[in-house]
Amino acid sequence: MNKRRKFLKSAGSTALFTSLGSSFFIGCSTSEEAINPDNNNNNNNVSPDNGYSLDGGNYIIELNHSNFSILKNTGGWYRFDRGGMLLVNVGQNIIRAFSSSCPHAGCRTSWRYTNNNFNCTCHGAVFTNEGTVISGPANSDLESYNVTREEDIITVST
Ligand code: FES
């Protein structure tokens with residue numbers, strides 16, 4: 001093999017690895033259970049720049065922060081991974097919070113919210129926006145958290 005061909009073959013492998021390699025490995029390492037909610041780490045040292053702080057088991061969330069402002073709208077929802085929870089505005093200024101761990105097999109990152117229902121696309125379970133399971137394979141409800149609201153600050157007790 002001449003030098004030029006050898007170089008191109010080597011460069012092609014490097015380019016392929018560079019373009020596919022990093023995303024491939026990130027994809028493999030980001031499993032559904034890879035999320036480590038703050039409350040599992042006893043990490044009370046959260047920067048307020050993220051729009052929330054953690055006080056014991058209570059998440060204090062600023063709805064005017066860009067990370068959470070979608071929750072000011074009826075039907076707005078947010079998968080808050082650091083808190084390990086799903087948040088949804090169900091109207092009349094009511095925000096609900098649920099554990100993002102699906103009671104079927106624990107998937108945390110495959111949630112959709114349509115027609116006022118949460119759908120876990122891991123295996124297709126469906127829950128109302130009150131957390132009640134309405135379609136399997138899950139056979140129990142989402143764990144719900146207490147939410148209190150004072151204007152644009154909510155506190156979620158986990
Ligand atoms: S983990 Fe949610 S449906 Fe299976």
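Counting every other Cβ atom within 10 Å of each residue's Cβ, CYS122, CYS102 order from fewest to most as CYS122, CYS102. Counting 0.36 nm for each residue step from ILE153 to ILE94 and taking away their Cα separation leaves a gain of 20.0 nm. The string of couplings for the range 92-100 from the Karplus curve (6.51, -1.76, 1.60, θ = phi - 60°) is 6, 6, 9, 10, 10, 9, 9, 4, 7 Hz, one whole number per residue in order, with x for Gly and Pro. Applying 1/(1 + (r/R0)^6) with r as the Cβ-Cβ distance of HIS65 and HIS123 and R0 = 30 angstrom yields a FRET efficiency of 0.35. The ranking of TYR78, TYR59 from fewest to most other beta carbons within 10 Å of each one's beta carbon is TYR78, TYR59.
What is the list of residues in the range 102-143 whose amide nitrogen lies under 20 Å from a point 7 angstrom out from the Cα of ASN73, following Cα to Cβ? Of the residues in the range 102-143, 111-119, 129 have backbone N under 20 Å from the label point off ASN73. Ranking of SER101, SER140 by neighbouring Cβ atoms within 10 Å, starting from the fewest: SER140, SER101.
Taken together, the values in this text are just the output of simple stated rules run on the coordinates, not laboratory data. All values reported here derive from a predicted model rather than from experimental measurement. A quick note on method: Cβ atoms are made from the backbone with ideal geometry, for glycine too, and the neighbour counts reach across all protein chains shown.
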